[in-house]
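The structure appears right after this line, and notes come after that.
The values are calculated or read from the model by the stated rules, or taken from the named source; none is laboratory data. This is a predicted model, so every value here is computed, not measured. As a convention, Cβ positions derive from the backbone with ideal geometry for all residues, glycine included, and neighbour counts pool all protein chains shown. Ligands, DNA and RNA are excluded from the accessible area calculation, which covers all protein heavy atoms including side chains. Shrake-Rupley method; radii C 1.70, N 1.55, O 1.52, S 1.80 Å.
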Amino acid sequence: MEIINVDNSGRLVIPEFIRKKTAYNEDVPLLITELDDDKILIKKLDRDEIEKRLRQELKGIDIDKIAHDVRNEVNEAAKKRYAAVLG
């Protein structure tokens with residue numbers, strides 16, 4: 001266990017022995033969340049596991065079509081809202 005401080009920008013340094021043990025380095029994405037008033041959780045994100053879960057959960061869903069439809073809806077809404085500017 002080690003006591004660390006948060007700097008004036010809200011940053012903290014994960015102690016070296018923890019970084020080495022957990023293989024945290026500058027390229028590792030981390031999730032940080034509040035558990036309760038005085039505890040936080042920092043969890044290493046496994047991109048491969050996230051991709052696998054998303055593929056399972058979204059199986060059979062055409063994501064490209066959804067993105068296309070949303071893009072069209074946004075464009076139409078912008079045209080209506082800013083008709084005077086867009087001409």
Candidate set: the range 42-61, residues that are open to solvent by less than 90 Å² (accessible area, probe 1.4 Å) and charged (D, E, K, R); chosen: the one nearest to ARG11 (Cα to Cα): LYS44
Checking the conditions here, which among LYS52, LYS44, LYS59 is over 18 Å from the mean Cα position of the chain (by Cα) and modelled with pLDDT of 85 or more? LYS59
Do we find a residue being part of a loop (DSSP other than H, G, I, E, B) and either surrounded by 10 or more Cβ atoms within 10 Å (Cβ to Cβ) or free of Cβ contacts under 8 Å to residues at least 24 places away in the same chain (or both) anywhere in the range 67-84? yes
Candidate set from the range 16-41 (those that are hydroxyl-bearing (Ser, Thr, Tyr) and surrounded by 10 or more Cβ atoms within 10 Å (Cβ to Cβ)); member that is nearest to VAL6 (Cα to Cα): TYR24
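In the range 6-15, which residue that is exposed (fewer than 10 other Cβ atoms within 10 Å of the Cβ) and of a type outside the set (Gly, Ala, Ser) is farthest from ASP48 (Cα to Cα)?
The extreme case among them is ASN8.
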